[in-house]
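The values are calculated or read from the model by the stated rules, or taken from the named source; none is laboratory data. Predicted model only: the values in this text are computed from it and were never measured. Positions of Cβ are generated from backbone atoms using ideal geometry, with glycine treated the same way; all protein chains shown enter the neighbour counts. These area figures cover heavy atoms from the full protein model, side chains too; ligands, DNA and RNA do not enter into them. Shrake-Rupley method; radii C 1.70, N 1.55, O 1.52, S 1.80 Å.
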Amino acid sequence: MDNETTHRENNNHKPEWYRTLVEEVNDLVTVVDTDGTITYVSPAITRILGYDPGELVGHEGLEFVHPEDRERNADALEAVLSNPSESETVEVRFRHADGSWRWIEATMRNRVDDDIIDGILLSSRDITERKEHEREARELAEEYEAVLNSVEDAIFLMNVEEDGDGVRFEFERLSPSYERQTGITTEEVQGQTPQAVFGEE
């Protein structure tokens, strides 16, 4: 038996084979029809969002999406219907079975012409923890910016890097108060060493 025949036979599986494979992956796999009605949900839904698959099948997917994210979700669905060769990735909040909201990143692919899938295929994963870290980082950055803009003291923010000759200090940011006092701006000194700016040895 040649390699081509073996490859063809190995890919001639029944739908049950594909379903079993999908059920073993960690990502949540969902199929919706062209109007957004859920026709299949993999068992990962229970681990990720707390539902039994049967609780979602037959419902419109947007029912479970946060109202503020529904337009973005609908736009992505429309995009893959209009451009079957393109995929779309969207981040939305999806209602957990306990009533809380979880951030889901879903990649949609048009498989309407696929005899087995016959719909829009979504591969999704929970990104709630990542979104929380992003929110915390944003808040810290806003606090840092507020402090930097409000103090009257001169503040230098420096990058510290090790090189072959020891430690190298480079300006990253000057406080607005220092810029006002000296007329020197961050743009003028950014990336330079104190020695280069002040002429110190």
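Computed values, structure above
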{"quantity": "Residue match in segment 161-174 (condition: among the aliphatic types (A, V, I, L, M), modelled with pLDDT under 75 and within 35 Å of the chain's Cα centre (by Cα))", "calculated": "no"}
{"quantity": "Cβ-Cβ under 6 Å pairs, at least 6 apart or on other chains, segment 90-115 side under 16 Å from V31 (Cα atoms) and open to solvent by 60 Å² or more (accessible area, probe 1.4 Å), far side part of a loop (DSSP other than H, G, I, E, B) and small (G, A, S)", "calculated": "R109/S87"}
{"quantity": "Tabulated pairs, segment 189-201, first closer than 15 Å to E179 by Cα and at pLDDT below 75, second part of a helix (DSSP H, G or I) and open to solvent by less than 60 Å² (accessible area, probe 1.4 Å), C-beta under 9 angstrom, 6+ apart or interchain", "calculated": "V197/V189"}
{"quantity": "Selection from segment 122-137 of residues that are within 15 Å of I45 (Cβ to Cβ) and not polar (S, T, N, Q)", "calculated": "L122, R125, D126"}
{"quantity": "Residue match in segment 124-137 (condition: closer than 19 Å to N73 by Cα, among the basic types (K, R) and open to solvent by less than 80 Å² (accessible area, probe 1.4 Å))", "calculated": "yes"}
